[in-house]
Amino acid sequence: MNVAIHSLFKFKLGCLMLLLISMLGGCGWFGGKKTPTRVPAELAEFKPNLSVRTLWQAQVGSSGRFALQPAHSGDLVVAAAADGTVSAYQLSTGQLRWRVTAGFPISAGVGVGNGLVVVGGGEGDVLALSLTDGAVRWKSKINAEPFGAPALVQNVVVVRASDARLFGLDAEKGSRLWTVQRTLPPLVMRTEALMATSADTLFTGMPGGRLLAVNASNGNIRFDTSVALPRGSTELERMVDVIGPVLLNAGEVCGAAHQGRVACINIQTGALSWARDFSAAVGLGGDARYVFAVDTRSHVQAFSRNGGAVVWKNERLQYRALSAPVSWGRAVVVGDFQGQIHFLAREDGAMLARVPTDGGMVRAAPIMVEQGAINAVIVQTANGGLFVLGQ
């Protein structure tokens, strides 16, 4: 029995290593004597049609191999580093308001809500801090590695683990309320499947091409709908995980699956509204009219929210390892592996502007902020740069 388990583990580990090599090595992101088969597109010159500048920037610490995403609440922007540092800045000025150390390496963050900042990592550690001054509110533990930003839904903190389990914790005390565990396929992608919330419901993508809606108060499943079905003869070919951020807007939740489809689902019934074949590299962005997606070649594509028709496609950033997109005014914003922030026209995908940062890869999706007179995009790089961009 032990031999069989060990053999199965070696098989899965070998397939996972093959997947990582094919995703990373094939894109030419690290050196070697062999000519890379996927060469990132050179950045062509164009006439900017949108004025964007850096309003302020700060150094928050490297995010390492994790897609740590900043968060904002009111006039505060909070960011975390892989070494355990959590920092809060005043949105309007960039002034440092507080900085604390979690006491463990951070792999999941940042979640904000109900006056809390929540991060996770280490050996299942989850830490809640006061949004006001960074004081520790509580510390809890789950029996898995936290992965992706925690979500706060009413009085519940939901933490997603690297094995796709969901843990509901009491927002006041940190005690465990419930756990959701689904049957997983033999191979899964290690990716931050960020969660979205509406009222008391949490939405998240799952391995196997599923999109899940969970009652945050008790962990009951409200619907479990297929975004894409596995196809192919090998486990690698059949991997159709819903990855990255899911998109919640106008009564629908949308998700994108690797080697699968882009699909939108009615949040009341769980019924599929529409779906289109698509192999996603990262999660979705969008607004009331469009769903924006990035495929495995770093082509950016816009789908109509009403029926899923393809509106436009931009191939000029091919193999530049783009982040998930975010809609910002008349632009769609993505970051790339060299820390370049690209602004594409919302209506036709044309290049509007480009802003450099510190050269570090942008793994997490930029976030859009509309706070009083401030209309900005916030980006965190793997090198630890926090950039607030605006007009």
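Quick notes
- Across the protein chains, with a 1.4 Å probe defining accessible surface, the residues ASP133, ASP241 rank ASP133, ASP241 from largest area downward.
- Compactness of the range 340-391, expressed as Rg and Dmax over alpha-carbon positions, Å: 11.7, 32
- Taken over the chain, lysine pairs spaced eight or more positions apart, or on distinct chains, with alpha carbons under 27 Å apart number 4.
- Cα centroid separation, the range 208-228 to the range 63-99: 30 Å.
- At a probe radius of 1.4 angstrom, the accessible area of the range 153-263 per residue rounds to 38 square angstrom.
- For the range 215-223, Karplus couplings with θ = phi - 60° (6.51, -1.76, 1.60), whole Hz, Gly/Pro x: 6, 5, 6, 9, x, 6, 7, 8, 7
- Integer Hz, Karplus 6.51/-1.76/1.60 couplings in order for the range 265-271, x for Gly and Pro: 10, 5, 6, 7, 10, x, 7
- Between GLY260 and PHE278, SER279, ALA280, the built amide H atoms are under 5 Å apart, and every one of these is 5 or more places off in sequence or on another chain.
- Accessible-area composition of the range 84-179, carbon plus sulfur, in percent [1.4 Å probe]: 43
- Translational diffusion coefficient of the range 103-239 (Stokes-Einstein, Kirkwood radius from Cα pairs, 25 °C, 0.890 mPa s): 161 µm²/s.
- The phi torsions of the range 281-294, fed into the Karplus equation with coefficients 6.51, -1.76 and 1.60 and a -60° offset, translate into couplings of 9, 9, x, 9, x, x, 8, 5, 9, 10, 10, 10, 9, 10 Hz, rounded to whole numbers, with Gly and Pro shown as x.
- Each part gets one Cα centre, and for the range 356-384 versus the range 268-322 those centres are 21 Å apart.
- According to the calculation over all Cα-Cα pairs in the range 259-389, the P(r) per 5 Å bin from zero is 2, 11, 21, 23, 19, 13, 8, 3, 0 %.
- Packing-based order for 53-65, 208-220, using average beta carbon neighbours within 10 Å, highest first: 208-220, 53-65
- Along each principal axis, Cα extent of the range 84-127, largest first, Å: 36, 20, 12
- Rounded to the nearest 10 Å², the accessible area of MET195 at probe 1.4 Å: 30
- Carbon + sulfur, % of accessible area of the range 268-344 - ligands and nucleic acids excluded, 1.4 Å: 44
- Equivalent-ellipsoid semi-axes of the range 48-179, from the Cα gyration tensor, Å, largest first: 26, 16, 14
- Compactness of the range 167-308 as Cα Rg over 2.2 N^0.38 Å, two decimals: 1.03
- Long-range HN-HN contacts of VAL332 with modeled amide H, under 5 Å: LEU344, ALA345, ARG346
The values are calculated or read from the model by the stated rules, or taken from the named source; none is laboratory data. Computed from a predicted structure; not experimentally measured. Note: ideal-geometry Cβ built from the backbone for every residue, glycine included; neighbour counts use all protein chains shown. The protein model used for the area step is the full one, side chains on, heavy atoms only, and it has no ligands, DNA or RNA in it. Shrake-Rupley method; radii C 1.70, N 1.55, O 1.52, S 1.80 Å.
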